[in-house]
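These notes are about the structure you will find just below.
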Amino acid sequence: MRSERIVHGAEVYLCVMSADVSVSRVVAAPADAVWEMVSDLPRMAEWSPENEGGAWIKGATGPAPGAAFRGSNRHGGKSWKTVAKVVDAEPGHRFSFRVTAMGLPVALWAYDITPTESGCTVTESWTDLRRGFFKPIAAKVTGVSDRAAHNGSTMEQTLANLAAAAESSD
């Protein structure tokens with residue numbers, strides 16, 4: 001089942017479509033500035049309720065296709081690390097990456113940014129790449145049994161925090 005949430009001010013729109021989740025929010029800040037924020041891995045911890053930031057690895061020094069990073073996450077008393085590889089790094093438009101854990105595919109995350117007259121619209125998307133056998137293992141490691149519902153909620157929080165930070169630095 002895919003669900004898509006569109007946030008405009010205090011209104012949230014949810015569309016159920018497949019096992020993926022997308023959340024959109026209007027941000028009163030320039031698209032380039034918002035892209036710089038979502039692609040700045042250590043800063044992700046400032047707005048995400050689950051991600052504690054990331055660090056470039058394997059010689060990578062910044063967002064570029066093929067660059068690798070290690071992400072740190074926490075939910076309640078559980079914490080875990082993943083490795084990700086940047087797929088798209090288009091300043092002002094798109095930042096996406098594939099996540100693996102123990103060498104297995106986990107997810108594709110993307111931030112799509114569309115410029116508007118008053119700033120931009122940011123869409124955060126999560127695509128579940130886990131194979132069936134890996135889902136119960138991931139649930140034990142992370143403490144999250146319904147990853148799609150959990151991510152929808154945390155993505156709304158992430159974009160609200162991102163918008164607040166972007167709009168206050170404008």
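What to note about this one:
- Length released on extending from H150 to D88, taking residue separation times 0.36 nm less the Cα-Cα span: 19.9 nm
- Model label sites at R70 and K58, defined 7 Å from Cα along the beta-carbon direction, differ in position by 1.4 nm.
- Of all accessible heavy-atom area on the chain, the percent that carbon and sulfur account for (1.4 Å): 54
- Using C-alpha pairs below 8 Å separated by at least 6 residues, the relative contact order for the stretch 72-170 is 19 percent.
- Charge sum, other residues only, whose C-beta stays under 11 Å from V99's C-beta, Lys/Arg counted +1 and Asp/Glu -1: +4
- Close amide H pairs (under 5 Å, H built 1.01 Å from N) link R130 with no residue at least 5 positions away or on another chain.
- D88 - accessible surface, heavy atoms, 1.4 Å probe, Å² rounded to 10: 40
- From helices alone, the chain scores -7500 deg cm²/dmol at 222 nm; the rule is -39500 (n - 2.57) for each run of n ≥ 4 DSSP H residues, then divide by the residue total.
- Around H75: net Lys/Arg minus Asp/Glu count, Cβ-Cβ under 14 Å: +2
- Largest first, the residues T154, T114 sort by 1.4 Å accessible area into T114, T154.
- Rounded accessible area of H150 (nearest 10 Å², 1.4 Å probe): 40
- Descending semi-axes in whole angstrom, ellipsoid equivalent of the chain, from the Cα gyration tensor: 24, 19, 14
- Local electrostatic count, S145, Cβ distance below 15 Å [Lys/Arg +1, Asp/Glu -1]: +2
- Average accessible surface area per residue within the chain, 1.4 Å rolling probe, Å²: 49
- Result for the chain in a Gaussian network model with C-alpha springs under 10 Å: among A31, A67, A139, the largest mean-square fluctuation is at A139.
The values are calculated or read from the model by the stated rules, or taken from the named source; none is laboratory data. Source: prediction; values computed, not measured. Cβ sites come from the backbone with ideal geometry, for glycine too, and all protein chains shown count toward neighbours. Accessible surface areas use protein heavy atoms only, side chains included; no ligands, DNA or RNA. Shrake-Rupley method; radii C 1.70, N 1.55, O 1.52, S 1.80 Å.
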